[in-house]
Structures are given as C-alpha cells and as structure tokens.
Amino acid sequence: MAKKAASETQTVASEKPAEYRVLARKYRPQNFTELKGQEALVRTLTNAIQSGRLAHAYMLTGVRGVGKTTTARIIARALNCEKGPTITPCGVCEQCRSISEDRHVDVLEMDAASRNGVDEIREIIDSVQYAPVSGRYKIFILDEVHMLSKPAFNALLKTLEEPPEHVKFVFATTEIRKVPVTVLSRCQRFDLRRIGTDVLEKYFIELMVKEKVEAEQGAVALIARAADGSARDGLSLLDQAISREPKKVTELQVREMLGLVDRSVTLDLFEAIMKGSSTESMAMLDSLYKGGADALMVLQDLLDLTHYLTKVRVAPEVAKGLALPEAERVRGAALSQSLSIPTLTRAWQMLLKGVPEIQHAFNPQLALEMLVIRLLYVADQPTPGDVLKQLKDGSAVSAGGGVPSGAPRGTTIMSRDGSAVGMSRSSTAVATALSEPSESASACVNSFSAAVALFGEHREAILKSQIMNFVHLVKFEQGHLSVRLKEGAPHNLIGQMSDKLSQWTGQRWMVSTSREAGEPTLAEVQQGQQQSVMNEIKAHPVVSEVLKAFPGSKIVDVRDRK
C-alpha cells in the first residue's frame, strides 16, 4: 500500500505543469549574437577576446532594460567556457550551465544597491587573492555599482587597479555620473545604446512566432514604441498583452492597455486645434475622456505628432524613412505643408510646457482642456516677426485665426492707413512699441552719475546695480566713457551700457575700458558716505549715552527725515 501511494504521488508530481517564466527571462540572450542593438559593444568585445586583449575591468552603462547584466553574464561565460575564451560560448558545458543557473563558485554576482558597504567590498578583496576553484577566471559582477558608498569605492581602488591575472571585474550601472572618476579610469567603459524601435519590432515578431501567438503588426509596433528602447520593458508589455488575449493580440487591445489614442484621432484633434475650431476640439477631448484615454498620453501623442510634422517640413527625405502607415504618412505630409515652422514650434513649446501642468494637476483632464483652449487662441495668430514686418511695411496686421470660431474677438486698433484691424493683446503691445517714440530719446547726460541715474529712470534696476558695483569711472566726456571693470563684472556690461545710452540720449555713446585705477565705484562712494554719517551719529553725545545705557545695542540704520 505504501509503495502504491508513493507511486501515485510521483505520478501527480510528474503531471504538474512547469512554472511559467516571463518572456524577459525565457528569452534572455545567451551569447553575443543574440544581443540586440549593441553592435559596437559586440564588435569591440569580439575583437578583444579573439586577440587576447582582455581588460581586467569593464564598466557597462545605459538605461534600464538594454542588456547590462545580461552582457556581464555573457562575458563570464565567454571567458570561462571550456572551449574558451571564445566569442561563442557553447552553453552546454558545465562551466556555461553553472553560470547560467547562477551556481558557479567563481562567478560572484553582487547587488551593490543592497550591499553597498565597505565590509562587503572587504570580502571581495580578501577572496581576490585565491585562485579560481573550477573556472579559468574568478569574475566579480557588481550590479548598480553607483550605489556603493564612498568608503567602499575607496577600498576597491587599489585592487581594481592591479588585480591578480585570474580576476576580472564587470560593473553595471544606470547612473554613470555617480561613479567616481578614479573608478572609471581603471575600467574599460561601454555605453549600451537604446534599442531602436524597428529592431525591437522585428525581435518581438520573432518571439510571437516562437510563442505561437498571432499578433497584428500595428499592435507589435505600438509595444515597441512604448518600450522606449528597453527590451525588458517591451517584453513585459508583450507578456501583458498576451495575457489579455492569448489567441490574438490586436492593435485596439494594445491601445486600450496602454491608454493610447488612435493616431488618426490625434491627427483629427490637431487639425481641429490648428483651425481654431473650439467646438470640434472640445467634443473630441470629451469623447477621448469617456473612452478611457489618459490625458498625459493624449498630450504625448500631440507632442509626437507636432515633432513629426515639423520634421517632415524641414527634412522631408529624413522623415520618409520613418516606419509609419501609408495613410498617416500621406495625411501628415499634407498637414505639415499647411502649417508654418513658427506655428509648429510655438505649438511644440506650449504643449511641452503643459506636461508638468497635467502631471501635477488635481484633474489631468481639466488641465488638458485648458491647454487646448490656449492653443486654440494662438493657433493661427501671426508671430511677432510677422507683426513687425507688416507694421514696418505699413500694411494692416492680420490677426489670422488666433481667435477660435464662435469666440469674441480681441481689441481693435487703427492701422497706419486708417483701417480698423483686430489684434491680440501681444500684437497691440508690439504695435504700440513701434509707433510711439521713446520719451527720453533726447535725455541729456552731463555726468557719470546722471548716466547711471538714467538706468534707474528706465527701470533697468539690474544694469544700474551692476554699474554701481563693478564700474570705476576713469574719464567722462560727452558721448564717451572710459571705465575700469572690477573682477566678476558681467562680460556684456560694456556693450549694454553703450547701447542703452545711445538709445535713450539720441546720440552715439562709446564706452571703452582702461587699465587706470579710476574713481571709486558709486556703490563704494555711497558706502563711504553712509559710514561717515554713521560715525557722526555715534559721536553725538545723546546717542553715545544711549549706547552706554543699553549694552549690546547698535545703530542699524540712519534715515533722513527730510
């Protein structure tokens, strides 16, 4: 009976399905040929291994999911394979299998994020002296090495500079700037690049065939784009998409999963905004919100579209190489030709500034709607350059489509020919600045102090402060100032002084520098006068008696009651 029960238990155990492994682990590259998008790294390491020019320490850096830890393990297998050192580790020998299964006694992988102290590094230093037990090399892999403490880095320096011949170090980090230069100088550095969207798309299609899952091309393209150059992120999204619908992964399902908007809808929305159609734009935003679209993702799609349209406008040949559906490419090309570069760049700046607003808003949808309303009001508004050109030519300033359809118009002014022109507030300001001459165009300057006072009258407080603190007057003449600048003065101070004085006085002013000592700065003169007054007040009998009666008291300020 006991034997029969044991037999039944063994049968049940054998029928238990194998535990599922996520795609990122199941398809982890095992050799250099399987690494995606890192051709420069593969070529360098291949030549180094073939020629026997092996470095004692490697530093692998890059964003998450591009293959840093995977590359470190491939290097360990390549160096310790029984057929090696080789660029194509066999994967079947005991060395390769034990490294793949994380049980090799000579390949020690440590997470520097959780073991970042000097004691852990001391353990490595102590074990470095001993020869490898079974492998050709003793290899230390430190992941997230930037998390090591400063004492830990310092403790590692000497060993890292001159390790024994049987020791190799492989470091991986996502934040290379946090690694001390003294450590970087002792390592051979490799920057792993983001994996291209086209490379990821091709790779994911291959994996879907292996997994026997049908997938639409558009769905895989969306996942590849959302991965943002990270193979691991893309595989995680692919896993999630397959879990939602094991039989077939569709583009619609992926869009719902990622909270994305159909590109054709994004094009419709962008067109409506550029036309100034407030009713249509608000209706589309409301429809997207009810459909579950994320406000930040809608904004991201608008940013991507604006970038694409601008790229098509300035470099059509480069834009042709982008992997886009034919309908989207044709429609985008037509839309880009109807919009000017200033209009597109203005839309880009406004959309970009809306990102933090939506991220921190209590209701992202409301923030998105307010952003679109701002865009509607400036969609086809003339740029400042156009306004200046039209005013200089004496023609009427066109307000364009800056005011959405159905909304009240802005202010009205008279153009030079007497006709009424609708203008936005910004255009009105430009017109006023051009039409009205400067009130102080004929200001008279008879002294250096009068020249400095002129900066205060024109509300150039910063310039006035810089002149008072950094400028020593050497010589004053009508139309010419000779000065010496103190150390630390702004490099463009002389030019600004000359330009402003010429503009305000109506005559040309030249400001030159001299090596002569010159007079004290106006700030030093003021300080001297204040100190003189302070000393005079302190010497007054009444004040002197007050200071003696209240030990520790002091005079803070002296003001003239007049």
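We did not get these values from a lab; they are worked out from the coordinates using the rules stated. All values reported here derive from a predicted model rather than from experimental measurement. Neighbour counts are summed over all protein chains in view; Cβ atoms, including those assigned to glycine, are modelled from backbone coordinates with ideal geometry.
Subtracting the Cα-Cα distance from 0.36 nm times the residue separation, let me have the gained length for R43 to D119 in nm, one decimal. Intermediate values should be presented prior to the final figure.
Details: separation 76, 0.36 × 76 = 27.36 nm, distance 3.68 nm.
Between R43 and D119, full extension yields 23.7 nm more.
So how far, in whole Å, is the C-alpha centre of the range 178-240 from the one of the range 467-523?
Measuring centre to centre over Cα atoms gives 59 Å.
Once amide H atoms are placed 1.01 Å from N in the peptide plane, what residues at a sequence separation of 5 or more from A215, or on another chain, have their amide H within under 5 Å of its amide H?
Placed amide hydrogens put V249 under 5 Å from A215.
Quick one: F140, F32, F476, fewest Cβ neighbours within 10 Å first, how do they rank? Let's see the in-between values first.
Values: F140 25, F32 21, F476 17.
Lowest count first: F476, F32, F140.
Could you give the length gained by full extension between E357 and K150, i.e. 0.36 nm per residue of separation minus their alpha carbon distance, to one decimal place?
Computed gain between E357 and K150 is 70.7 nm.
If we count other beta carbons within 10 Å of each Cβ, what is the order of K158, K475, K290, fewest first?
K290, K158, K475
So for the pair S185, E524, with labels modelled 7 Å out along Cα→Cβ, what separation do we get in nm?
Placing both labels 7 Å beyond Cα along the Cβ direction yields 4.2 nm.
Of the peptides 269-282, 120-133, how do they stack up when ordered by the mean number of other Cβ atoms within 10 Å, highest first?
Packing order, densest peptide first, comes out as 269-282, 120-133.
Under 12 Å from the 7 Å Cα→Cβ point of K486, by amide nitrogen: which residues of the range 519-554?
520-528
To make sure I understand, if each residue's beta carbon is the centre and we count other beta carbons within 10 Å, what order do C187, C81, C93, C444 fall in, fewest to most?
Sorted ascending by nearby Cβ count, the order is C444, C93, C187, C81.
Could you give the length gained on full extension between E162 and H458, defined as 0.36 nm per residue of separation minus the Cα-Cα distance, in nm?
On the way: separation 296, 0.36 × 296 = 106.56 nm, distance 6.62 nm.
Contour length minus Cα-Cα distance gives 99.9 nm.
Run the simple label-point estimate for E214 and Y289 please: 7 Å along Cα→C-beta, distance reported in nm.
About 3.9 nm separates the two model spin labels.
To the nearest 0.05, how large is the calculated FRET efficiency for E101 and R329 if R₀ is 45 Å and r is the Cβ-Cβ distance?
0.40
Checking the table K36/K210; K178/K311; K248/K311; K248/K353 against a 28 Å threshold on Cα-Cα, which pairs fail?
K178/K311; K248/K311; K248/K353
At I555 and R21, where each label point lies 7 Å from the Cα along Cα→Cβ, what is the point-to-point distance in nanometres?
8.6 nm
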